[in-house]
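The values are calculated or read from the model by the stated rules, or taken from the named source; none is laboratory data. As the structure is a prediction and not an experimental result, all values here were calculated from the model. No Cβ is skipped: glycine too gets one built from the backbone with ideal geometry, and neighbour counts run over all protein chains shown.
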C-alpha cells in the first residue's frame with residue numbers, strides 16, 4: 001500500500017501544477033481580452049490575398065513584399081493544400097494590386113511555407129529577399145534576388161543550421177547575414193506545446209553569417225518579430241507570450257545587450273519601423289486564445305499599435321486600428337509607407353488603409 005500513498009501527493013502536485021499552468025497560460029495568451037473598435041477612414045481588403053499575409057516588408061521605393069499561406073502547427077489555415085506565395089504591391093500606384101511573384105526553377109515551390117521576411121538592398125541596388133520557410137515543418141531561411149523587370153524571385157540559396165531550429169522572423173544585416181528569432185526551443189509540435197504550457201523561457205535570437213553563427217539573446221517565452229532602428233544601433237525583439245518589446249544594443253561583433261523592455265497588454269507579433277521617424281508599428285493579437293482555438297463564431301481580433309520614442313522614459317503607445325475579427329482576423333504585421341498602412345494577418349486577409 002505504501003507505493004499507493006506516495007503516488008497521491010505526486011499526482012496531486014502534478015494536478016495543481018497543471019491548474020496553475022493553465023491559469024498562467026491563459027494570462028500569457030491574454031484570454032478573454034476584448035478590444036474597443038478603432039477604425040480608419042479609408043480601408044479596403046486586398047484582392048487575391050485570402051490565406052494570410054503573415055509578414056510585410058516595404059522597400060524605401062514603396063514596393064511591398066507580402067508572405068502568404070503560412071501553415072503553422074496549431075493554427076488555422078484557409079488553404080492547407082496550397083503552397084505559400086510571395087506577393088508584391090507597388091504602393092506608389094493610386095490603386096495598388098497584389099501580384100504573385102514567380103519563383104525561379106530549381107526551388108521546391110510545392111513545400112514552400114513562408115513565415116517572416118526581410119529585404120536587403122545591396123551596394124549595386126540589388127534587392128535581396130530573406131524568407132523564413134518551413135518545408136515539411138522544418139526551419140530554413142531562403143535567400144532570393146528580386147528581379148523587378150519580370151516580377152520574379154531568383155532563388156540563391158537555402159540556409160540551414162543547428163541553431164536555426166524554430167525560426168519565426170528575420171532581419172537582414174547584409175546580402176547573406178541576418179538576425180533571426182526562434183519562437184520555441186523545440187521543433188516537435190507536442191514539445192512546443194509543452195514548452196508554452198510550462199512557461200519555459202528557452203526561446204532566443206541568433207546571428208547568422210557564412211563565417212559565424214551564434215546565439216545573441218535568450219530568455220524569451222516566445223521571441224517573435226524582430227527589426228532594427230533606422231540608425232542601425234538597436235535591435236527590437238517582440239516576445240509574443242510576454243506581451244513585450246525588448247530593445248537591444250547592437251555591437252560591432254554582432255552581439256546584443258539588453259537596454260530596456262516595454263510591457264504591453266497585447267500579444268505583439270511582427271515589428272515594422274518607420275524609416276523617417278523610427279516609430280515601431282506592430283500587428284498584435286488582443287486575445288491569443290482565440291487565435292490558437294479558432295472558432296468561426298468567436299473570431300480572433302486584430303490590433304495595430306504605433307510606438308513612438310521607445311528609447312525615452314515614456315514611450316507613446318497609440319492604438320491605431322482595432323477590429324473584433326469581422327473585417328480582419330489575427331493581425332500579425334502593420335507596415336507604413338507615405339501615409340499608407342498595410343495590415344497583414346497570420347492566415348486571413350490583408351488590409352490597405354490611408355492614414
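Some notes on this structure:
- Within the range 110-140, being in contact with a strand residue (DSSP E or B) (Cβ under 7 Å, 6 or more places away or on another chain), part of a loop (DSSP other than H, G, I, E, B) and surrounded by 14 or more Cβ atoms within 10 Å (Cβ to Cβ) holds for 112, 113, 134, 139.
- The set of residues in the range 238-259 that are within 12 Å of the chain's Cα centre (by Cα) and not in a strand (DSSP E or B) contains only 240.
- Top-ranked residue of the range 72-81 - restricted to ones that are in contact (Cβ under 8 Å) with a residue 24 or more places away in the chain and surrounded by fewer than 21 Cβ atoms within 10 Å (Cβ to Cβ), ranked as nearest to the chain's Cα centre (by Cα): 72
- Residue 107 within 22 Å of residue 175 (Cβ to Cβ), buried (at least 18 other Cβ atoms within 10 Å of the Cβ) and modelled with pLDDT of 95 or more: no
- Checked against (1) touching a strand residue (DSSP E or B) at 6+ places or on another chain (Cβ under 8 Å); (2) modelled with pLDDT under 95, residue 191 meets all criteria but (1).
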